[in-house]
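Student: First, the structure itself, so that you have it in front of you.
The values are calculated or read from the model by the stated rules, or taken from the named source; none is laboratory data. Keep in mind the model is a prediction, meaning the values are calculated, not measured. We place every Cβ from the backbone using ideal geometry, glycine too, and count neighbours over all the protein chains shown. These area figures cover heavy atoms from the full protein model, side chains too; ligands, DNA and RNA do not enter into them. Shrake-Rupley method; radii C 1.70, N 1.55, O 1.52, S 1.80 Å.
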Amino acid sequence: MHPFVRRACGALAGSALLLGASAVLADNLQTVHVVLAPRRGLDNASNDGRFDKALPSGEPFRVEVSIKDLPRRVDGEAFGTLDVWPKLATGNKCKLTGDDDIPQHHKLALIASGEGDNVVLKAEVPALQIGQEFCFLFDVRARPSAATVQQIASLAAEALVDDVLADCTTASTDDAFAKALNKGIEAVKLEKEVKPESASRAHVRFQLEGSEACRAAAKLAKDEDAQGDEIERLGGEHDKLVKNLATLDVPEGLQVPMFADAGFLVPIDRLLVKNVDPNKLAAALQQLKVRISDPAYLDQKTIHQGWIRLLEDFRDALAKADADKAAVDKAVADAKAEAKKLPAPELPEVFLVDKFIPLRAILEAAKKPDGMPDGFKPLPIAGQIRDMEQAYKDDKKIAQLELWVKNLRDIASVEKSLEEARKERKETHAKAIAARKELTKKLVDAMNIADVRHDIEQNVGHVDTEYKLGRAKTPPVGNIAAIDVGAALAIPIDAATQPWLVPYTGINFYFTPIDRVIPVGQLVGSWFLQHVSLTVGITLTAPTLPGRTLKPIMFERYPLIGAGIRWNNYSRVSLGTIMYQIADRNPASTDTDLGFAPFLSGSFDGDVIDLLNKAIKK
């Protein structure tokens with residue numbers, strides 16, 4: 001045997017011995033803790049378990065689930081199973097179809113250890129394929145405890161309370177009590193139903209002790225419904241009145257712009273007096289300037305600019321006149337005379353929050369659902385419209401404004417009634433909730449009598465804490481390169497009748513990290529990526545051809561290239577070609593040609609890097 005082959009085999013044999021020794025240390029396993037999320041359907045991503053670390057690749061590990069981390073408390077003796085399988089094996093979905101022929105599907109027992117809230121369920125998971133997403137299906141179960149029986153009574157009461165409220169005279173029936181109890185049993189995953197006679201005794205107990213609570217809760221429920229109907233009626237009336245605003249006329253005839261003063265509207269020409277408050281004059285100017293920049297007043301920009309100039313001139317004239325009575329009187333007279341020359345704005349306006357808006361804007365808003373502008377309060381606006389009537393001279397126009405006042409006051413009245421009705425219903429709702437709780441308590445007491453408890457405890461079955469899924473991915477820790485040692489049967493093209501049997505070594509290059517633990521037939525994912533590799537190597541001998549001179553290309557040996565398919569974890573079959581230089585048949589010529597010898601080979605495909613790493617760690 002060639003010395004290189006002997007050395008390679010010796011190293012690999014030593015690594016294998018080390019790996020075998022490490023396997024004895026079976027308890028030296030990594031532990032992965034899982035917290036199971038609340039159930040929302042087995043395929044829902046929000047249902048994933050949370051793993052506290054990455055899954056180990058290529059080696060067994062332990063999975064632990066703490067009882068206190070389960071979606072709901074488990075009372076009594078806990079146990080269960082864990083299914084683990086590659087997600088790709090079930091159509092890229094974490095869902096078992098009942099098909100047992102799933103590669104790498106492991107069904108493992110969950111064994112409980114510890115006491116009380118410190119109980120932990122454990123399972124030992126075999127090595128998983130690298131670089132794959134795995135599904136973990138936890139089926140955790142327990143036997144019912146006293147707390148579970150109490151929960152069944154509560155669930156049954158909730159299921160029955162509406163039926164009981166509908167008819168307190170008969171307080172439902174024996175059959176209804178049985179169905180409610182069985183709903184509670186089903187909710188906590190008990191596997192049997194309560195006996196009819198137990199449900200009948202619960203029904204009798206409720207009739208004796210819960211009838212009064214039922215009548216009180218039923219009356220409040222009816223009162224709440226009636227109040228809800230009244231709120232709905234008032235809401236419809238309110239909407240009708242608001243829509244009616246859109247049918248009213250917006251009368252022209254406003255003679256001067258308005259000034260908003262502490263919630264009241266004043267014709268702005270009322271400020272043209274000798275003892276005017278400078279602050280009010282400044283506020284009026286500011287309100288006019290806001291109108292100029294408002295698109296809603298674009299068609300009245302010239303009017304407002306004229307009033308701004310008039311008020312500013314009036315302010316300056318008063319300041320200049322100081323205490324001179326004659327000068328002040330003249331400033332007032334000049335301002336009033338100038339005001340009569342300014343055009344009238346015609347269209348009415350109201351003040352909302354911090355600016356004026358034309359009344360026609362409210363009319364347009366009333367045509368749209370929820371279209372009223374911010375700050376719309378019908379009663380204050382009605383008062384402003386009444387104030388604005390001072391700036392009108394036409395009685396017919398004033399009558400049109402009065403229609404606005406009436407409609408707005410009607411809206412305000414309905415809104416007040418709505419507020420009172422909602423307040424009353426809120427108080428009734430609070431009382432109804434309290435009465436319903438009292439009724440539910442009476443039902444729970446009836447459902448939890450000794451006969452029912454004994455019946456449930458005798459029909460134990462298994463309480464399922466719900467199937468829970470987790471998903472996690474193993475890291476791609478394998479290598480894409482591997483040492484290849486084998487023998488090739490080659491047929492030189494230059495002498496097809498003289499085949500070679502040549503030992504060789506080389507490196508195989510895969511297209512993905514390769515798993516060396518999982519049997520090839522159990523791998524999931526791309527068959528091509530997991531099986532096919534390219535080989536670059538060199539022969540360990542330099543065979544000859546009779547009558548021809550061959551020259552090695554490198555290291556006194558022949559290079560080779562090829563492609564192979566592995567048929568188990570460490571063996572492969574390859575096709576390729578060996579390359580060599582061959583001298584010209586003419587002895588006088590120094591020319592050489594490149595020769596090829598296609599080959600079929602079998603080889604040992606060893607991830608030596610991984611083997612050595614494991615040997616060093618151990």
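Student: So how much slack lies between residue 402 and residue 64, counting 0.36 nm per residue of separation and subtracting their Cα-Cα distance, in nm?
Tutor: 113.8 nm
Student: So, one more: At R0 = 45 Å, how high is the FRET efficiency between residue 534 and residue 590 if r is their beta carbon distance? Nearest 0.05 is fine.
Tutor: That gives a FRET efficiency of 0.85.
Student: Something else about it: Hey, how many Å between the Cα centroid of the stretch 410-453 and the Cα centroid of the stretch 466-526?
Tutor: Going from one Cα centre to the other spans 72 Å.
Student: May I ask you to give the solvent-accessible area per residue for the chain, in square angstrom, as obtained with a 1.4 angstrom probe?
Tutor: 53
Student: Any lysines with Cα under 16 Å of the residue 325 Cα? List them, leaving off those in the same chain fewer than 8 positions away.
Tutor: List returned: 274.
Student: Under the classification rounded if a/c is under 1.5, otherwise prolate if a/b is larger than b/c and oblate if not, where does the chain fall, given a ≥ b ≥ c as square roots of the Cα gyration tensor eigenvalues?
Tutor: Oblate is the answer for the chain, as a/c is 1.5 or above yet b/c matches or exceeds a/b.
Student: Where a ≥ b ≥ c are the square roots of the eigenvalues of the C-alpha gyration tensor, would you call the stretch 488-574 rounded, which needs a/c under 1.5, or, failing that, prolate if a/b is larger than b/c, or oblate?
Tutor: In terms of gyration-tensor shape, prolate.
Student: Further question on the same structure: How high is the FRET efficiency between residue 354 and residue 274 when r is their beta carbon distance and R₀ equals 45 Å, given to the nearest 0.05?
Tutor: Here the calculated transfer efficiency is 0.90.
Student: Heavy atoms only, 1.4 Å probe, whole protein assembly: order 290, 256 by accessible area, highest first.
Tutor: Putting 290, 256 in descending order of accessible area: 290, 256.
Student: Right, something else. Determine the percent antiparallel among the DSSP beta bridges restricted to the chain, to the nearest 5.
Tutor: 95
Student: Also, I was wondering about something else. Using protein chains only and a probe of 1.4 angstrom, how many square angstrom of residue 386 are accessible, to the nearest 10?
Tutor: Its heavy atoms expose roughly 90 Å² to the probe.
Student: Given the protein chains as shown and a 1.4 Å probe, how many square angstrom of residue 302 are accessible, to the nearest 10?
Tutor: Surface accessible to solvent at residue 302 totals approximately 100 Å².
Student: Would you mind calculating the gained length between residue 233 and residue 445 on full extension (0.36 nm times residue separation, minus the Cα-Cα distance), in nm to one decimal?
Tutor: Full extension from residue 233 to residue 445 adds 72.3 nm.
Student: Just check the stretch 277-421 against the gyration tensor rule for me: Cα atoms, a ≥ b ≥ c as the square roots of the eigenvalues, rounded for a/c under 1.5, and otherwise prolate or oblate depending on whether a/b exceeds b/c.
Tutor: prolate
Student: A further question on this structure: What is the spin-label model distance, in nm, from residue 115 to residue 393 if the labels are put 7 Å beyond Cα along the C-beta direction?
Tutor: Inter-label distance under the simple model: 10.2 nm.
Student: Still on this model: If you roll a 1.4 angstrom probe over the protein chains with everything in place, what fraction of the accessible area of the chain belongs to carbon and sulfur, to the nearest %?
Tutor: Ligands and nucleic acids excluded, carbon and sulfur reach 55 percent.
Student: A follow-up question, please. Which net charge results for the neighbourhood of residue 311, defined as the other residues with beta-carbon distances under 14 angstrom from its beta-carbon, given Lys and Arg at +1 and Asp and Glu at -1?
Tutor: Net local charge, residue 311 excluded: 0.
Student: Separation of the stretch 378-395 and the stretch 548-565 by C-alpha centroid, Å?
Tutor: 108
Student: Students often get this wrong, so check it: of 53/107; 280/320; 222/243; 183/473, which have C-alpha atoms separated by over 30 Å?
Tutor: 222/243; 183/473
Student: Please compute the length gained on full extension between residue 496 and residue 527, using 0.36 nm multiplied by the number of residues separating them and subtracting their Cα-Cα distance.
Tutor: Once the chain is fully extended between residue 496 and residue 527, it gains 7.7 nm.
Student: Could you calculate the FRET efficiency of residue 480 with residue 545 from 1/(1 + (r/R0)^6), where r is the beta carbon distance between them and R0 is 41 Å, rounded to 0.05?
Tutor: It comes out at approximately 0.70.
Student: On to the next question. As a test question: what accessible area, to the nearest 10 Å², does residue 192 have when a 1.4 Å probe is rolled over all protein chains in place?
Tutor: So the heavy atoms of residue 192 present about 110 Å² to solvent.
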